[in-house]
Amino acid sequence: MRIDKLDMMPGPAEPAASPQPMEARRPKKLWRILGGCASATLFIVACTVLYHIVRDIDVNELRASFANLSSEQIMLACLFTALSYFMLTGYDALALRQIGSRGIGYPTTALASFTSYAVSFTLGFPLLTAGAVRLWVYGAKGLSAPKIASLTLIAGITFWLGMGLVLGFSLLTRPDAIADINHLAPNINLAIGAAIIAATAAYFIFIAVKPRRLVIQGWKLSLPSWRVTIGQVILGVADVCAGGGILFVLLPTDPATSFGTFIAAYVFAHILGLASHAPAGAGVFETTMLLSLSHIPPGRLLGAILLYRLFYYLVPFVLALLLLGLHEIQKRLQTYKTSSHDEEDESPAGQ
């Protein structure tokens, strides 16, 4: 009976053990809630500002931006779009090299890269959407989920290296012009630009001294070497400039807008659009560009942005869906042929 009473009494470890998982989950849950609220707030504020800007737009100016588009502008926009997505395939190629998966050919790499970016750019939530598409394409080639996750993260590092360097260089070289965009003093813009460049240099030194590895809850990721990082920087900067070039060539001719000033506004708008988690940064990107390039008539600028979305988001998104559909059909046909061939090989043995 004594043993039974002791067994019925709560043990000393049980009360202490139960609150710990809850305590550990609370910060994560809180950050998720705060992050969601911040994204929603940014999206709502941007849409509100965008509404007040758009309601004053002259419809005739909007139509004129489409009507006045030259064949040269269309050709250049197509060229910069192709160049940007070509650079994005290099993101995956470098990442595959870093994780030791060199057996995957460039056609598969190009398909996975193009479709994952085209889908994630349009739908938002890039880690989720791009990762899912890459898993679909690379998984069929035998690449494991942890390696695909590593690939996605390394490609993300390439993207942010390019964004950071372009923004930092713009802030350092054109602090006065960018002050009209972010409404900060030129000295503050210089300080921010110097801090971005210094942070990038510190990261480069950090990985150049010796091989570095991240360990997150048992998941290990070897950071790219300094040689791979140089390739990431070149690809990232070229991609950002090509992506910005699409919108730049679609803008109405304006000598007051240099590419150096414009690309800073473009990077600002792009980063805020990503932070909002809105599909394609809708609303946030437009608002930032309209406020940054206020000297351009809003109707003309909005028309150029709509064309930019057509070239960089809508057309690649539709093409990506078609390519993924064809890829799935081809994969199923190969599976069917393989199974039919195996049945033919087995049939004489069974007779």
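All of the numbers you see were taken from the coordinates with simple rules; none came from a lab. Keep in mind that this is a model prediction, so the values were computed, not measured. Quick reminder, even Gly has a Cβ in these numbers, built from the backbone with ideal geometry, and neighbours come from all protein chains shown.
Quick one: order Ile74, Ile305 by neighbouring beta-carbon count within 10 Å, fewest to most.
Lowest to highest Cβ neighbour count: Ile74, Ile305.
Work from the charge dipole of the stretch 70-331 (Cβ charges, +1 for Lys and Arg, -1 for Asp and Glu, about the Cα centre) and give the residue of Leu301, Met163, Gln330 farthest towards its positive end.
Going by the Cα projections, it comes out as Gln330.
Quick check: convex hull over the Cα atoms of the stretch 70-331, volume per residue in Å³, rounded to an integer?
129 Å³
Taking neighbour counts of Cβ atoms within 10 Å as a proxy for exposure, in what order, fewest first, do Tyr91, Tyr308 appear?
Final ranking by Cβ density, sparse to dense: Tyr308, Tyr91.
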